[in-house]
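The values are calculated or read from the model by the stated rules, or taken from the named source; none is laboratory data. Model, not experiment: these values are computed from the prediction. Virtual Cβ from ideal backbone geometry, glycine too; neighbours counted across all protein chains shown.
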Amino acid sequence: MKLHLTPPARRIVLAIAAQLPFFTAPAAFAGTDAGTPVASPPVSEESAFDQLWSLATLYKDSSNPWVQQISVFGRFHGNLAEVESNKGDWGGWETRRLRAGLDVDFLESLELKAEWRFVPFKNPVVALPGLTDASISWSVDPAFRLTVGKQLPAYTQEGLISSNDLLTFERSNIANTFWVGEDNYSTGISASGVAGAWQYYAGVFSGELDQTFSRFNAGYYYVGGLGYDFAKELNVDHALLRADYVYNDGSKLNLTTKPFANTVDLDWELKQGPWGVTGTTIYGTGLGKQPDVWGVEFIPTFDITKKLQLVARYTYMDSAGPDGIKAERRYENLVPDLTGARGDQYQAVYLGLNYYIYGNKLKLQTGVEYSTMRDGTNKGGAFEAWSYVAGVRFSF
């Protein structure tokens, strides 16, 4: 749902929202999700928030051999954004994500997850005709986890991170260009694990874009990843180096993955004290009319306090041919004259603040991004844009 405001009203609200991180909030800072990126501020003492969030656990008994835990989970992400470009403007409120699900641990080694995606549609809120995550996993050791069903393939630096835990307000245009995207949960099977400093991931997925489970008639894509944490060798808190590879079999019915036959990326995460940096280098060989594209990205962070974090990001992409790169999904693509805009070179610089009220489970995020697109064919894809964003991230 999008609420359109007048330009003066948008600027006033955004200006107020941008100051929210500096207001006083509850003193305690609680734990973050297991998938939190390494650059997030550290966990501190227990608080009343822990008791509130514990209500999501409906049942827990580790001594029960049949069912060990039943819990609900969900998220609400509300965004206020404004884009000003040389091709036009866009602004408004958006309920970005609204989801809820059920998680059941049973038989001491199995986990069943099912999540529904909701959208505000007039009144009341109604569910989309489909699932996001709908899978069953088996694991008796962190070194091996087998997952079958509808799931989100794990590759690229930002694709590995839950939308609850993103350091920036939205994923970058690199993720939009190469990663499947969080709307494209795929039916398939994957294996993953962590053994000492090593981590790995491998999966096979249907290319069918379906709101329920795949009928396996749209080709397949294959994902593999291997990483190693050099923290001990470098004497730092965290130093992960990871490589991912994706192969798309080229089926014309494959609408889940992006149109690249081969995608290779090298990702890194470094964290020492309040300083952190993550980044990626990625290359994709195009299918059909899609040219080859490569890109680099850096996301440095600094923890000003336990709650307040400064985040920057630089994104660069270059296409081997015309029209290989699209405008960013959010929010450049929402400007009417930029919808579907394509070019051959893209750059963006982002600066933002994150205020962690209760870790990644309740935080405020603000940011500003400047982006440019070059269009060597002069078909109208070139642009310059400023994006101003602010919002809340709530999950349980």
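Taking only pairs six or more apart or across chains, which ones have beta-carbon atoms under 6 Å, a first residue in region 263-276 that is among the small types (Gly, Ala, Ser), and a second residue that is modelled with pLDDT of 95 or more and in a strand (DSSP E or B)? Taking only residues 6 or more apart or on different chains, the pairs are Gly276/Thr301. Count of region 43-85 residues, restricted to those that are polar (S, T, N, Q), more than 20 Å from Val392 (Cβ to Cβ) and outside any strand (DSSP E or B), is 6. Taken together, the residues in region 226-252 that are of a type in the set (Asp, Glu), in contact (Cβ under 8 Å) with a residue 12 or more places away in the chain and either surrounded by fewer than 18 Cβ atoms within 10 Å (Cβ to Cβ) or over 18 Å from Gly159 (Cα atoms) (or both) amount to 3. Within the option set Ala195, Ala134, being more than 19 Å from the chain's Cα centre (by Cα) and of a type in the set (Gly, Ala, Ser) holds for one residue only, Ala195. Residues of region 328-372 being among the aliphatic types (A, V, I, L, M), under 18 Å from the mean Cα position of the chain (by Cα) and either at pLDDT below 95 or over 22 Å from Ala312 (Cβ atoms) (or both), which ones? Matches in region 328-372: Leu362 only.
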